[in-house]
Amino acid sequence: MTPELMNLGLDEAIRMAEKGWSEGGIPIGSVLMTEDGEIVARGHNERVQSGDPILHAEMACLRDAGRRRDWNELTLVSTLSPCSMCTGAAVLYKVRRVIIGENSTFLGAEHWLKESGIEVHLLHDGRCIELMERMKREKPELWAEDIGE
């Protein structure tokens, strides 16, 4: 996948993260895309809005994708390093590649992705970092709740 397509996916994931933040939730977004850049599903963290503890951005995105048989051809893009639950879903469905906006505010289970043969690209995107730093600064209790602290 080209850097341009990776950035296209990240731009849309950021748009989803901003949507979640504007709804009073956690600013993490995700998209699922084909090798040629077609976005087939979108999601944002909906834990606060729905009261559902498993609706992280990646899980909402996978739910939006519905039943598929082509998971191993798809790329999952997330604004933040995926937690163990979201990583587990990517491993379970054998997603081809995971693109991560940033991991400086939270380091998820990236090692598990790599150990499972999933291609991982870390983009160190400043917009993603700022979204999480702002949330951690303005709503630290919400962040602690999201990561189980």
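Of everything in the range 118-133 that's assigned to a helix (DSSP H, G or I) and free of Cβ contacts under 8 Å to residues at least 40 places away in the same chain, which residue is nearest to the chain's Cα centre (by Cα)? Per the criteria, the residue is Ile129. Does any residue of the range 72-83 turn out to be among the aliphatic types (A, V, I, L, M), surrounded by fewer than 20 Cβ atoms within 10 Å (Cβ to Cβ) and at negative phi? Checked the range 72-83: no residue is among the aliphatic types (A, V, I, L, M), surrounded by fewer than 20 Cβ atoms within 10 Å (Cβ to Cβ) and at negative phi.
When the range 103-117 is filtered for residues that are among the aliphatic types (A, V, I, L, M) and either open to solvent by less than 70 Å² (accessible area, probe 1.4 Å) or over 12 Å from Pro82 (Cα atoms) (or both), the ones remaining, listed by number, are Ala109, Leu113. Scanning the range 134-149 for residues that are open to solvent by 80 Å² or more (accessible area, probe 1.4 Å), more than 14 Å from Ile28 (Cβ to Cβ) and outside any loop (DSSP other than H, G, I, E, B) turns up Arg137, Glu138, Glu141. Within the range 53-70, is there a residue that is at pLDDT 95 or above, touching a helix residue (DSSP H, G or I) at 6+ places or on another chain (Cβ under 6 Å), open to solvent by less than 40 Å² (accessible area, probe 1.4 Å) and of a type in the set (Gly, Ala, Ser)? No: the range 53-70 contains no residue that is at pLDDT 95 or above, touching a helix residue (DSSP H, G or I) at 6+ places or on another chain (Cβ under 6 Å), open to solvent by less than 40 Å² (accessible area, probe 1.4 Å) and of a type in the set (Gly, Ala, Ser).
The values are calculated or read from the model by the stated rules, or taken from the named source; none is laboratory data. All of these numbers come straight from a predicted model, not from anything done at the bench. Here the Cβ is made from the backbone with ideal geometry for all residues, glycine too, and neighbour counts use every protein chain on show. Quick note on the areas: whole protein, heavy atoms, side chains included, nothing else; ligands and nucleic acids left out. Shrake-Rupley method; radii C 1.70, N 1.55, O 1.52, S 1.80 Å.
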